[in-house]
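Report on the structure given below.
Where a number appears in this text, it was derived from the coordinates with a stated rule and is not lab data. Quick caveat: nothing in here was measured; it's all calculated off a predicted structure. Every residue, glycine among them, receives a Cβ derived from its backbone with ideal geometry; neighbour counts consider all protein chains shown.
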Amino acid sequence: MSETTHDGTVAVSASVPPDEGMTAARLAEKYGLTVSGARPSLVEYVRQLWDRRHFILAFSRAKLTAQYSQAKLGQLWQVVTPLLNAAVYFFIFGVILEADRGMSREVYIPFLVTGVFVFTFTQSSVMAGVRAISGNLGLVRALHFPRASLPVSFALQQLQQLLASMIVLFAVTAAFGSYPDLSWALIVPILVLQFLFNTGLALIMARAGSKTPDLAQLMPFVMRTWMYASGVMFSIPIMLQDKPDWMGTVLQWNPAAIYMDLMRFALIDGYGSENLPDHVWAAAGGWALLVALGGFVYFWKAEERYGRG
Amino acid sequence: MAEQTIDERIPTVVADELHIVYRVNGAKTGKGSATAALSRILKRGEERGVRKVHAVRGVSFVAYRGEAIGLIGSNGSGKSTLLRAIAGLLPAEEGKVYTNGQPSLLGVNAALMNDLTGERNVILGGLAMGMTREQIKERYQEIVDFSGINEKGDFITLPMRTYSSGMAARLRFSIAAAKDHDVLMIDEALATGDRKFQKRSEQRIRELRKEAGTVFLVSHNNKSIRDTCDRVLWLERGELRMDGPTDEVLKEYEKFTGK
């Protein structure tokens, strides 16, 4: 029965094709066929991704809306969830553990809330990135689009989530005496840089997570460690006073701490530039470019392999 | 196929000794306990705890412009996998698929979200298939009318989770069929909706066929294969068992399945 199976020829049809005897590769070359699912060049890939910008935006918005669509309070949860988060951290670190050393209450509460929101932005981008490919295999196996659309879209969803949280953040800072002024204009470049950094991380995590889905179990612990090490709820220089200098420097130069400190500097009147490490803008820009470009290239390198179970 | 003159035979899809292997985590035969998993991790070897499913084994064929090719075979014989590999959606383990242009699979199910309204799903699905916003705007009314969702009231503005399964299937087909394709692949898309909708969708498939260069159809319905295809590939256990004119292959297939 299987005599027609492995001969690699065309068909058991009456007409003999003129190309008989040609290898598949020669035949493909002759008629200008290309390998299906091959990885495009980096430039071509960027162009394809740009062509899909509407899909990326629509997908991120859809995910954001779908998230709370079954809840009675609906989209209000976009604002309430971060507020409740901040309240929990304030209760534990501000009231019970008194981690607000070296700061007045007027500074500490906005300091904490800013830290929680800014870090959550990075944290959820990483977590969404891990599952961007492995959690959407159905989509990857059904439709054509540059796969980077997915992690980018998830990072964009987190950015929109953060923008909703910013309403809460503005209310909190205003309630504790820091009113809008010129330094608030810095929020825009800070968010742009952090978004670039997060997108790069999401791309890296998406590739890693597509190969090793176990990362989805492991990453919450990594992220929690990173959060406690980045001074979300305490000031790094004050807490590490009696530790060797390099420890504080390393912690302050980590990207999460840099974006948090910049945002606090922009928003809070009582949080001056003396709290920032040297060359902080260079570090913020450097991290963003390094991780965004590196992450993009790293993700693109495996483009043709996503979708394998 | 006999009418086709020799110089008209331009290949659009060439599959060359194609092998597709799925890797399934945590499905290794044996004990599923945590200790078993741990010992697997500790054991040396490139891929631990991974079970391989060899879904397509060395399939080769050439498809030509203007052909409508049916894929038949029992459940799990690798038909859908082969389609996805041709579309470039599943990476090949070994061998290659060469195609003219970008083959597309008819189906957008995976891009749609049950929590969103039908309206937003039409837009999202269209964008996911690579249509522009203008193209979607142009075809929006056509898609909604074709699906017949609004025949029983204003359902398109309700979330898709409130639809009956038939309604949801109709909307999904309508979105998927809104785009024109070079090489079109249809995976048993016909078996949805009521009779009225089935007739309408068969008509739409015929239109799509006319516009597409080559059509692949996966179906368990020998009648719909006979109606639409002039050539049939018969897959069994991931191997190409027979490849030829529809009548010949279907006769053997029906003998095999005991009809």
key: Formal net charge of residues neighbouring B:Leu184 (Cβ-Cβ distance under 12 Å; K, R +1; D, E -1)   = -1
request  = Please report, in whole Å, how far the alpha carbons of segment B:114-200 spread along each principal axis, starting with the longest.
outcome  = 34, 26, 20
request  = Return A:Ser165, B:Ser74, A:Ser124 ranked ascending by Cβ neighbour count within 10 Å, so the fewest neighbours appear first.
outcome  = B:Ser74, A:Ser124, A:Ser165
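What is segment A:59-144 by shape, rounded, prolate or oblate, if you read a ≥ b ≥ c off the alpha carbon gyration tensor as root eigenvalues and call it rounded for a/c under 1.5, prolate for a/b larger than b/c, and oblate otherwise? Write out the running numbers ahead of the final one.
On the way: a/c = 3.64, a/b = 2.16, b/c = 1.69.
It is prolate, given that a/c is not under 1.5 and a/b is the larger ratio.
What ranking of A:Arg61, B:Arg170, B:Arg226 emerges when the number of other C-beta atoms within 10 Å of each C-beta is taken as an exposure proxy, fewest first? Write down the numbers at each step before the final one.
Details: A:Arg61 17, B:Arg170 23, B:Arg226 14.
Fewest-to-most Cβ neighbours within 10 Å comes out as B:Arg226, A:Arg61, B:Arg170.
Sort A:Asp245, A:Asp100, B:Asp194 so that the residue with the fewest other Cβ atoms within 10 Å of its own Cβ comes first and the one with the most comes last.
A:Asp245, B:Asp194, A:Asp100
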task = Taking the Cβ of B:Ser74 as the centre, find all other residues whose Cβ is under 10 Å away and add up their charges (Lys, Arg: +1; Asp, Glu: -1).
result = +1
task = Subtract the Cα-Cα distance of B:His19 and B:Asp247 from 0.36 nm times their separation in residues, and report this length gain in nm to one decimal.
result = 79.3 nm
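Specify whether the C-alpha gyration tensor of the protein assembly as shown places it in the rounded, prolate or oblate class, a ≥ b ≥ c being the square roots of the eigenvalues: rounded for a/c under 1.5, otherwise prolate if a/b is larger than b/c and oblate if not. Please list the in-between numbers first.
Numbers: a/c = 2.54, a/b = 1.98, b/c = 1.28.
Prolate is the answer for the protein assembly as shown, as a/c is 1.5 or above and a/b outweighs b/c.
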request  = Give me the lysines in straight-line cross-link reach of A:Lys30: C-alpha distance below 20 Å, same-chain residues under 8 apart excluded.
outcome  = B:Lys96
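Diagonalise the Cα gyration tensor of segment A:40-305 and give the resulting equivalent ellipsoid semi-axes, square root of 5 times each eigenvalue, largest first, whole Å.
Working: eigenvalues 212, 87, 59 Å².
Listed largest to smallest, the semi-axes of segment A:40-305 are 33, 21, 17 Å.
Would you kindly state how much longer the chain becomes between B:Ala34 and B:Glu151 on full extension, computed as 0.36 nm times their sequence separation minus their alpha carbon distance, in nm to one decimal? Mind dumping the intermediate values first?
On the way: separation 117, 0.36 × 117 = 42.12 nm, distance 5.37 nm.
Computed gain between B:Ala34 and B:Glu151 is 36.7 nm.
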